[in-house]
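Worksheet: one structure, shown below.
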Amino acid sequence: MMRFSHLTLAMLATLAAAPAAFAQDTGTTESASGKRFAVVGGYALSEPTSNPSIAGTRTHVDGDGAATLSASWYITDNIAVEAWGAADKFGHRVKTANGKVASVDSQPYAVSGQYHFFSADNILRPFVGLGYFEANTDGEQAEPTGALAGQHIGVETAKGAMATAGVDVNINPTWFARADVRYLQDTTGQPNVAVDGVNVGKAELNPVVLGVGIGARF
């Protein structure tokens, strides 16, 4: 939760600074309207909202941070199709009441449709979206001294729906700051967790991903 608090502060600082930067550039005659492509580079924290049971034992899965990238095609000034994903892997520690038992990496990517409110040149542009995600899982490793020591762990790919809400803050007609939150809900019956080839539970994580970034449109 501390990492989420730090990122929230960073989001607020970015949103507070951007309108001042925009105000210094109001002399331009260029417009953001009609620009059909945008790219955003940022950083996000992924925090699971569910903790799975493995072999009847309740676990706690830690969140982590990673760089993210997105590219959007604006069909109109208000309607866009976005491809989004983690540029690096989120590393998760799996713990029980007796301590850490395993670790696993996940790398989500998604495609979604979005609606951006207000005109393209409005300083604040909230948006919402809905789409489909997959989260590749690898790097599964048991702790050498934990309850799963010496055993092989496998976790299937999570797939499902992703809901997005966020806001863009126009700095000038080309550059903007972004803050967003994404909820990834596995809708395929939850990926299986296997230990030595035997299914022992479901990896129901359904993370919330909180991100900030800087984008450019052209």
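The values are calculated or read from the model by the stated rules, or taken from the named source; none is laboratory data. Nothing here was measured: the structure is a model prediction, and the numbers come from that model. Note: ideal-geometry Cβ built from the backbone for every residue, glycine included; neighbour counts use all protein chains shown.
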- Query: Which of the residues belonging to segment 96-123 are in contact (Cβ under 8 Å) with a residue 40 or more places away in the chain and small (Gly, Ala, Ser)?
  - Reply: Gly99, Ala102, Ser103, Ser106, Ala110, Ser112, Ser119, Ala120
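Taking segment 96-113, which residues are surrounded by 22 or more Cβ atoms within 10 Å (Cβ to Cβ) and either polar (S, T, N, Q) or closer than 20 Å to His152 by Cα (or both)?
Going residue by residue through segment 96-113, those that are surrounded by 22 or more Cβ atoms within 10 Å (Cβ to Cβ) are 102, 104, 106, 108, 110, 112.
Ala102, Val104, Ser106, Ser112 - these are the residues of segment 96-113 that are surrounded by 22 or more Cβ atoms within 10 Å (Cβ to Cβ) and either polar (S, T, N, Q) or closer than 20 Å to His152 by Cα (or both).
Give the residue that is surrounded by the most Cβ atoms within 10 Å (Cβ to Cβ), with candidates limited to residues of segment 159-218 that are out of contact with any Pro (no Cβ under 6 Å at 6 or more places or on another chain) and charged (D, E, K, R). It would help to see each step written out before you state the result.
Here is the first cut: in segment 159-218, the residues out of contact with any Pro (no Cβ under 6 Å at 6 or more places or on another chain) are 159-166, 168-183, 185-200, 206, 208-218.
Filter once more, so that each one left must be charged (D, E, K, R): 159, 168, 178, 180, 182, 186, 196, 217.
On the way: Lys159: 17, Asp168: 28, Arg178: 24, Asp180: 25, Arg182: 24, Asp186: 23, Asp196: 11, Arg217: 20.
Only one residue tops the list, namely Asp168.
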- What pairs come up if the first residue lies in segment 83-95 and is under 17 Å from Pro52 (Cα atoms) and buried (at least 18 other Cβ atoms within 10 Å of the Cβ), the second is of a type in the set (Gly, Ala, Ser) and at pLDDT below 95, and their beta carbons are under 7 Å apart, counting only those six or more places apart or on different chains? His92/Ser103; Val94/Ala102; Val94/Ser103
